[in-house]
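Participant: Here it is, the structure in full.
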Amino acid sequence: MNKTEYLAKLTNELGQMPYGDVKDIIGSIEEHFEEGIVEGRSEEEIAASLGDPKELAAEFKDGAKFKQIMKKRKMSDNFKGPDGRGRIFVIIFNAFVGIECWFILLCAIIAAFMCLAGDAAFIGLIIAGLITGVLTEFIVPFIFLILTLICVAVFLVVLLILGIKYYAKGLKSYIRWNKHVWNYGLGED
């Protein structure tokens, strides 16, 4: 239906509303048609995007404003709903990517603590060797080795802490994206 037909049906449906309100509503709809025509859309496309005049009139009678109605319509036009493909995608994507990320993080945590435990055991062995007198001639290289291992372990722990911090930020975005795909589907076909 074209602009004239659409406005006539809408005016007819708005019949019981005050004249000033009907005039404002029709003025808003005419502006919407003009903006759409400037964008290169046909009157029929614009009328179709507005929906059934009876439903539009009902929304106006409920007290909604034109901008609210159009915002709601745009959101509902973009909403495809959970189409099944999005949920399957999330499950498969998490199985092949998400779970491995958690496994790698767990391995990194275990490796960092094993490094610290190894350093502590090595220091204990060196102290025992010094007490028994076996390692007295190699004391300087062993002290250097101990300090190097401690620095490497501290570096790995700091790197792990920063990694976890940014991993948590990325995970938050990843979960938000998962929820969006789960609830709204993959988008356009």
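Participant: Could you tell me whether Cys107 is modelled with pLDDT of 75 or more, of a type outside the set (A, V, I, L, M) and outside any loop (DSSP other than H, G, I, E, B)?
Facilitator: For Cys107, the condition - modelled with pLDDT of 75 or more, of a type outside the set (A, V, I, L, M) and outside any loop (DSSP other than H, G, I, E, B) - is met.
Participant: Determine whether Gly86 is closer than 24 Å to His180 by Cα, surrounded by 15 or more Cβ atoms within 10 Å (Cβ to Cβ) and modelled with pLDDT under 75.
Facilitator: Values: closer than 24 Å to His180 by Cα: yes; surrounded by 15 or more Cβ atoms within 10 Å (Cβ to Cβ): yes; modelled with pLDDT under 75: yes.
For Gly86, the condition - closer than 24 Å to His180 by Cα, surrounded by 15 or more Cβ atoms within 10 Å (Cβ to Cβ) and modelled with pLDDT under 75 - is met.
Participant: Right, next: Within region 129-146, is even one residue surrounded by 14 or more Cβ atoms within 10 Å (Cβ to Cβ) and in contact (Cβ under 8 Å) with a residue 24 or more places away in the chain?
Facilitator: yes
The values are calculated or read from the model by the stated rules, or taken from the named source; none is laboratory data. Every value quoted in this text rests on a predicted model; they were computed, and no experiment measured them. Counting neighbours? That spans all protein chains shown, and the Cβs are built from the backbone with ideal geometry, glycine included.
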